[in-house]
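The values are calculated or read from the model by the stated rules, or taken from the named source; none is laboratory data. Here the structure is a predicted model, which means the values were calculated and not measured. Neighbour counts are summed over all protein chains in view; Cβ atoms, including those assigned to glycine, are modelled from backbone coordinates with ideal geometry. What goes into the accessible areas is simple: the full protein's heavy atoms, side chains included, and nothing from ligands, DNA or RNA. Shrake-Rupley method; radii C 1.70, N 1.55, O 1.52, S 1.80 Å.
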Amino acid sequence: MKNFSKLILSVFLLLIVAQNGSCKKDSPEPKVVAGFTFLWNTTDYKIVSFTSTSENYKSLSWNFGDNSAISTETNPVHIFPAAGVYTVTLTATSPGGVTDSFSEDVTVNSPDPEVIASFTYVVDGADYLKVSFTSTAQNFETLVWNFGDNSSVSTEINPVHIFPVIGVYTVVLTATSTEGDTDVYSKEIVVADPDGEIGKAMVWLTKGNKTKLFSKEADLSIMPTNTTTYPVISVDTATKFQEIEGFGAALTGSSAYLFNQKLDATARAAALNDLFDPSEGIGISYLRLSIGASDFSLSEYSYDDMPAGQTDYLLEHFSLQNDQADVIPVLKEILQISPEISILGSPWSPPAWMKTNGNMRGGKLKTVCYEVYADYFVKYIQAMQTEGINIAAITIQNEPLFYTADYPCMEMQPAEQMNFIKNNLGPKFQNAGISTKIIIYDHNWDNTNYAISILNDQTARSFIAGSAFHAYAGDVSAMTTVHNAHPDKDLYFTEISGGTWATDFAGNLMWNMQNIFIGTTLNWSKSALLWNLALDQNGAPHSGNSSTCRGVFTINNASSQITKNEEYYSIAHFSKYVRPGAIRVSTVVPQSLPNTGVVAFQNPDGTKAMVISNYSNETKTFSVKQGIRNFSYSLSGQSVVTLVW
């Protein structure tokens, strides 16, 4: 019985062992971890020593990322084939076959100090065409000198060079290290008699008393040194602001009518050349058109007018017929003179059947017409393109917050304009492959929130190029306010008119400079456009009840005589020598020149143009300094000058 009990106990224990496997469990294998550090050789940067920091491994495998053989050393020393960035991978394997990998980018570069190019120079006292150059370059193997005068390059360390003629030369030194790294240093040097001129600056002058009207004056001598005691206006072309698209006015229906119907072919060609030819005339580079009728059209019309009570959602009656009489023929003549001119289209009203009041005057755009009105814009741009006329930009609505006028107009609040662009016009342009810029607002400086609120919408802003402003209320600084809120979006100034309310030539000239031309460009505008390009002696033709406006030209409707108004001279001071693509550059005006407006530009061809306006009544003498170039000028009170060099 005792033996039987022992047997039963043994069987019971065997069953427990069978059920639970084994009473003894193996210890777990320690986790394998791969890792390394490395160190470059101080005499040969291609040699790199690696030190494994791996743990719990049986074997190591190194891949150096340069197509070389795998290494199984613990702490290998590897020679890389060339400079570069290599991904080195270490794989550690445990005794039980478990692996872990660690990778790190190893930069194989020359430890040589950075190569630096620089030089000084001395002009020979006896022969100012002879210049001695001294290299102050560091850590180089070779030097290459380019003297900027089409002569052969020099590889001397300290060359002596003889320039062919006096002038300003940009000398470029390129230093190259033993590893092929380069550095470039350039400097403008004056090769001239220290007391002699190094160039000329052109002068175009308009005086408020009309004794000079955009008159070409004697050139100024540009000197290498500034020995005057006059206040200095500094120009820095390295500090850049906005790119200019152009300056001009609006070719309204009224203006086109006067050019086309009141001037014969010879007089019209002369007038248009005067306005648009950059060589023989003042080179107007930007035009505004009304999309349909404005207050300066011969009648009220859209491009899809329908009898009362009828609609045309398919735009089957769309036609440019009303513009075929004068606007398009004159525009085609302008394009023959200035093929690259920029054109902005702005509507005063959609077709009446699209509006809540069924009238070209007042009302709003019906919500159900948002889509067809977007189609209307597309059709307009495509129809003008068929005529050979490229519309560079459009605004959505002229003066959207003034909708009680006695001429075509419409109310459009910012939320409405945003929704129209966001959900209709932007996508329609995109789907039609239209690159015409969409510009918002197009109203006075006294409201900045209109544009800012629309641009705050991320979807709407993706379709928008910028904002446009008029100057009938508010201050020009509003444009900078909008720029600061959305610095990635452009700004345009698109309308102001002169008129019978202001007839003083000098006062108007100064106001235009301070607010419109110098003022808007200093506040980020890419354009400055006035209103009618031409009106008659009565401020006509017009579609409203009355007009007190003045055109850039006055064309007498009886004699066809042309009078150039202050608006013409205001435009001329900018349009002729500040060409499309010019960049506004920094100017610093000293406090000793109060009441002086200054703005400067660098054209795509490298020429500089500076416009200076003396708002005071006293003559002011000053010096202009741009780099090594210096010249001086005296400007009468109430006058404006354009300086070009």
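Mind checking whether some residue in region 363-373 is under 22 Å from ILE496 (Cα atoms), open to solvent by 30 Å² or more (accessible area, probe 1.4 Å), of a type outside the set (Gly, Ala, Ser) and in contact (Cβ under 8 Å) with a residue 40 or more places away in the chain? Checked against the condition, which is being under 22 Å from ILE496 (Cα atoms), open to solvent by 30 Å² or more (accessible area, probe 1.4 Å), of a type outside the set (Gly, Ala, Ser) and in contact (Cβ under 8 Å) with a residue 40 or more places away in the chain, region 363-373 yields no hits at all. Please work out which residue is farthest from the chain's Cα centre (by Cα), limiting yourself to region 54-74 and to residues that are under 13 Å from SER103 (Cα atoms) and assigned to a loop (DSSP other than H, G, I, E, B). Ranking the candidates gives SER54 first. Listed by position, the strands (runs of 3 or more DSSP E) inside region 206-315 whose residues that are farther than 26 Å from TRP511 by Cβ and touching a residue at least 12 places away in the same chain (Cβ under 8 Å) number at least 1 are 215-222, 232-243, 286-291. When region 127-156 is limited to residues that are farther than 15 Å from VAL184 by Cα and not in a strand (DSSP E or B), the one that is most open to solvent (accessible area, probe 1.4 Å) turns out to be ASN150. Being β-branched (Val, Ile, Thr), open to solvent by less than 50 Å² (accessible area, probe 1.4 Å) and under 29 Å from THR596 (Cβ atoms) is a property that holds for ILE518. Within the set SER349, SER338, the sole residue that is of a type in the set (Gly, Ala, Ser) and under 21 Å from GLN382 (Cβ atoms) turns out to be SER349. Flag not set for PHE574, criterion: within 16 Å of TYR286 (Cβ to Cβ), touching a residue at least 40 places away in the same chain (Cβ under 8 Å) and assigned to a strand (DSSP E or B). Looking at the structure I just gave you, is ALA468 closer than 22 Å to PHE377 by Cβ, of a type in the set (Gly, Ala, Ser), open to solvent by less than 10 Å² (accessible area, probe 1.4 Å) and in contact (Cβ under 8 Å) with a residue 40 or more places away in the chain? Taking the combined requirement at face value, the residue satisfies it.
Does ASP264 satisfy the condition of being out of contact with any Lys or Arg (no Cβ under 9 Å at 6 or more places or on another chain) and acidic (Asp, Glu)? Outline the logic, then answer.
On the way: out of contact with any Lys or Arg (no Cβ under 9 Å at 6 or more places or on another chain): yes; acidic (Asp, Glu): yes.
The answer is yes for ASP264.
Within region 545-563, residues that are loosely packed, with under 14 Cβ neighbours inside 10 Å sit with their Cβ atoms under 7 Å from residues that are among the β-branched types (Val, Ile, Thr), at 6+ positions apart or across chains, in these pairs: THR548/THR500; THR563/THR554.
Conditions (1) outside any helix (DSSP H, G or I); (2) not hydroxyl-bearing (Ser, Thr, Tyr), marked per residue:
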| site | (1), (2) |
| --- | --- |
| LEU509 | no, yes |
| ILE516 | no, yes |
| THR520 | no, no |
| LEU529 | yes, yes |
| GLN537 | yes, yes |
| SER543 | yes, no |
| SER547 | yes, no |
| ALA558 | yes, yes |
| THR563 | yes, no |
